[in-house]
Amino acid sequence: MIRVAIVEDDPAMRDLLGTSVEACEDMIVTGTAQNVAEASGMIEAGGYDVLLCDLGLPDGNGAALIRQEALTGRDTDILVITIFANQNKVLDAIRAGARGYLLKDERIEDCIEAIRNIRRGGSPISPIIARQLLGQIAPEPEAARPPMASPLSEREYEVLNLLSRGFSNAECAEILTVTANTIGTHVKNIYRKLEVNSRAEALFEASSQGLLGPA
């Protein structure tokens, strides 16, 4: 059972997320908060596996809550669900400890599946956010070539390009005509070489290192 805590100031969105989570046999809502003050106490109490966190709260920035949760050292996955696609806010959230970043215009079904995904070790991220982090990339993976300083192999670089465009591991496998297990191995190697633990961190680190520059 995945225990979910929700931080969201919009009552309609908070109810939608809560109702959708409770409708799933494998999930339960353990608590909700509508502002930083309430959420801070909820985080102190713990007792959840996934923290869904908005960024624009009436009494502060959700990034502070993400840092608070990350500093607990618990095995909690933090998933941002927000209206903000601003690059600085994205980077602040990832630096603070978020492992996934979705925009509120995603289908609610996709948001719910993202909770399962993040607990399986994935890092769900909206494609538009990936584009902001990495800039425009070559449309065809065959055209992508790693920079001279890249620690990644050519195939790992191709996989990273596809991940940055929002493709799942299974979709990457289909595009590159390999097995899903092979893609999983490439992803693990990417994480190891970039010294990260999630897709969001890998995209941020690749962008920070200049491995994928803007067009």
Measure nothing fancy, just the Cα-based angle from helix 36-45's long axis to the longest principal axis of the chain, in degrees from 0 to 90, nearest 10.
90 degrees
Ignoring any ligand, DNA or RNA, what whole percent of the accessible area of the chain comes from carbon and sulfur when the probe is 1.4 angstrom?
49 percent
Given springs between every Cα pair under 10 Å in a Gaussian network model of the chain, which of A23, A96, A85 has the largest fluctuation?
A23
Rounded if a/c under 1.5, otherwise prolate or oblate - the stretch 22-127, Cα gyration tensor axes
rounded
For the chain, Kirkwood radius (reciprocal of mean inverse C-alpha pair distance, Å)
17.7 Å
Electrostatic dipole magnitude of the chain [Cβ: Lys, Arg +1; Asp, Glu -1; Cα centre; debye, to 20]
700 debye
Contour minus Cα-Cα distance for D59 and A23 (0.36 nm per residue):
9.9 nm
On a 0 to 90° scale, report how tilted helix 154-164 is relative to the longest principal axis of the chain, with both axes built from alpha carbons and the result rounded to the nearest 10.
30 degrees
For n ≥ 4 DSSP H runs only, could you compute -39500 (n - 2.57) per run for the chain, divide by its residues and tell me the 222 nm figure to the nearest 500?
-15000 deg cm²/dmol
Which residues qualify? For L57, with a placed amide H closer than 5 Å and at least 5 residues away or on another chain, they are G62
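The values are calculated or read from the model by the stated rules, or taken from the named source; none is laboratory data. Computed from a predicted structure; not experimentally measured. FYI the Cβ positions are ideal-geometry reconstructions off the backbone, even for glycines, and counts take in every protein chain you see. For accessibility, only protein heavy atoms count, side chains too; no ligands or nucleic acids. Shrake-Rupley method; radii C 1.70, N 1.55, O 1.52, S 1.80 Å.
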